[in-house]
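Accompanying notes for the structure given below.
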Amino acid sequence: MTKFQEKLKKLMDEYVNLVYDVTKNFPKEELYSSVSQWRRSSLSMILNYIEGYARKRPMVQLNFLEILYRSFKESKYLLFFSQKQKFINKPNYHKGLKLAEEIGKMLWTEINSLEENIKSQKH
């Protein structure tokens with residue numbers, strides 16, 4: 001992995017740990033809905049990143065990044081939802097939002113770079 005990829009992985013790790021920490025304080029009735037869904041989608045992000053880079057073929061890696069991006073969008077919405085429902089406080093919301101914005105930009109760069117690499121190999 002490059003330094004860029006290592007940084008992205010580190011940010012995703014911070015994000016998933018934030019999600020797990022803040023969801024510990026959610027109302028009990030949310031345990032099997034927003035808590036499990038948010039934890040699943042955030043954990044799916046980093047797991048798909050790790051598994052994708054364990055693969056050798058660029059098209060397979062791209063598939064994992066696209067799955068990761070969908071989980072990212074789902075997780076980011078749950079961050080907004082949790083703040084709107086007042087399940088998380090403003091400092092944690094802003095910390096999560098800052099991480100999510102940086103992850104999103106870096107992930108989009110990573111996807112575009114891999115797509116360009118795949119296109120250049122075909123020609």
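Dipole of the chain, Cα-centred, from +1 at each Lys and Arg C-beta and -1 at each Asp and Glu C-beta, to the nearest 20 debye?
40 debye
Among Ser113, Ser75, Ser120, rank each residue by its count of other Cβ atoms within 10 Å, from fewest to most, as a rough exposure measure.
With the sparsest Cβ surroundings first, the list reads Ser120, Ser113, Ser75.
Step through the table entries Lys28/Lys95; Lys24/Lys76; Lys9/Lys56; Lys76/Lys119; Lys3/Lys105, compare each Cα-Cα distance with 26 Å, and write down the pairs that go over it.
Lys76/Lys119
Exactly which trypsin sites (Lys or Arg not before Pro) in segment 1-38 are in a DSSP loop and have at most 14 other Cβ atoms within 10 Å?
Those that pass, being in a loop and sparsely packed, are Lys24.
Once the other residues with Cβ under 10 Å from the Cβ of Val35 are scored (Lys, Arg +1; Asp, Glu -1), what is the net sum?
+2
Work out from phi, with θ = phi - 60° and the Karplus expression 6.51 cos²θ - 1.76 cosθ + 1.60, the ³J(HN,Hα) of each residue of segment 2-18, listed in order in whole Hz, and give x for Gly and Pro.
Rounded to whole hertz, the list is 7, 4, 4, 5, 5, 5, 4, 4, 4, 5, 5, 5, 4, 5, 5, 5, 4.
Residue separation times 0.36 nm, minus the C-alpha to C-alpha distance between Glu102 and Glu66: what's the value?
11.3 nm
With each pseudo-label sitting 7 Å past Cα toward Cβ, what's the Arg39-Phe4 distance in nm, one decimal?
3.4 nm
Can you give the FRET efficiency to the nearest 0.05 for Asn112 and Asn25, using r as the Cβ-Cβ distance and R₀ = 30 Å?
Using R0 = 30 Å, I get an efficiency of 0.20.
Positive end of the dipole of segment 3-118, charges at C-beta (+1 Lys, Arg; -1 Asp, Glu), about the Cα centre: which of Leu11, Ser33, Ser113 has its Cα farthest in that direction?
Of the options given, the answer is Ser33.
We did not get these values from a lab; they are worked out from the coordinates using the rules stated. This is a predicted model, so every value here is computed, not measured. Neighbour counts are summed over all protein chains in view; Cβ atoms, including those assigned to glycine, are modelled from backbone coordinates with ideal geometry.
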